[in-house]
1. Local charge sum around residue 83 (other residues, Cβ-Cβ under 9 Å, Lys/Arg +1, Asp/Glu -1)?
2. What fraction, in whole percent, of alpha-carbon pairs in segment 66-108 exceed 12 Å separation?
3. Using amide H atoms built in the peptide plane, which far-off residues or other-chain residues are under 5 Å from residue 171 H to H?
4. Which whole-number percentage describes the relative contact order of segment 72-134, with Cα contacts under 8 Å and a sequence gap of 6 or more?
5. Given the rule -39500 (n - 2.57) for each run of at least 4 DSSP H residues, summed and divided by the residues of the chain, what is its mean residue ellipticity at 222 nm, to the nearest 500 deg cm²/dmol?
6. Hey, could you pull the Cα Rg and Dmax for segment 2-81, both in Å?
7. Report, in debye and to the nearest 20, how large the dipole of segment 1-154 comes out about its Cα centre when Lys and Arg carry +1 and Asp and Glu carry -1 on their Cβ.
8. Can you give the alpha-carbon Rg of segment 1-142 over 2.2 N^0.38 Å, where N counts its residues?
Amino acid sequence: MTGHVVVTGGASGIGAAVVDRLRERGHAVTVWDLAVPERGDVGHCELDVTDADAVAAAVRAAEGERGVVRHLVASHGIRGAYLPALELDPAGVRRMLDVHVVGTLLTATAVARRLVELDATRGGSVVALASTTAYRGWVNQSDYGVAKAAVRQLTENLAIEWAGLGIRVNAVAPGHTLTPMVQDMVDDGYDVGPVEARTPLGRLCAPEEIAREIVHLLLDATFTTGVCLPVDGGWTAVGR
């Protein structure tokens, strides 16, 4: 194997597409997810990424099964309420920030801390998932969008702190991608027509397209750190 990668949220959606691409390249993969991945050739730990002690233990458990965890893709997430700010449940907002921001911080620092303990930081890398909602203001995104903006900021902060260690930290900001979560929104009545019309490439993204960019940043972009790459069909380039 050419390296051990942990993928949070790797049982479905973008995370599952990342797992497939990493396995095609010969990497050992461990999935941290509350759900069980469909692939049988990857490790799995049923894990709540907001539980610091559980995350720390999971790093060592994964290491014992497949070797040192050198790379992390933090692709876990939950769906926003998509409500006006005046209608948001504070408990739901706290949970949103806990999963997306604290969960990304805990998983990234757990992997980095273990690499420091092993004096094996050189070549380590992390890719987090932000969102196009992390850019500018959005209606009905005072929970999910704010959380993703914080992930984008966290990416830059960790990249600066860990550059001297040899650990790169980047993020991707997917546009509307046809994941199970988005399909659930469509099934609930969400109309993607205006999204497709506003997107210069004129369609939603496939999870496999996001996965290609994630793996590139994770493994191949060896002089790139602190970047949040929009993968959105040109959405963020539209000035309206």
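1. Taking every other residue near residue 83 into account, the sum is -3.
2. Value for segment 66-108: 65 percent of Cα pairs lie more than 12 Å apart.
3. When sequence neighbours closer than 5 places are left aside, the close amide H contacts are 128, 227, 228, 229.
4. Relative contact order comes out at 54 percent.
5. Values: 8 runs with 92 residues, N = 240.
Helices in the chain give a 222 nm mean residue ellipticity of -12000 deg cm²/dmol.
6. 11.7, 40
7. Dipole size: approximately 560 debye.
8. Values: Rg = 15.9 Å, N = 142, 2.2 N^0.38 = 14.5 Å.
In units of the 2.2 N^0.38 Å rule of thumb, it is 1.10.
The values are calculated or read from the model by the stated rules, or taken from the named source; none is laboratory data. A quick note: this is a predicted structure, and the numbers were derived from the prediction, not measured. Backbone-built Cβ (ideal geometry, glycine too); neighbour counts: all protein chains shown. With ligands, DNA and RNA removed, areas are computed over all heavy atoms of the protein, side chains included. Shrake-Rupley method; radii C 1.70, N 1.55, O 1.52, S 1.80 Å.
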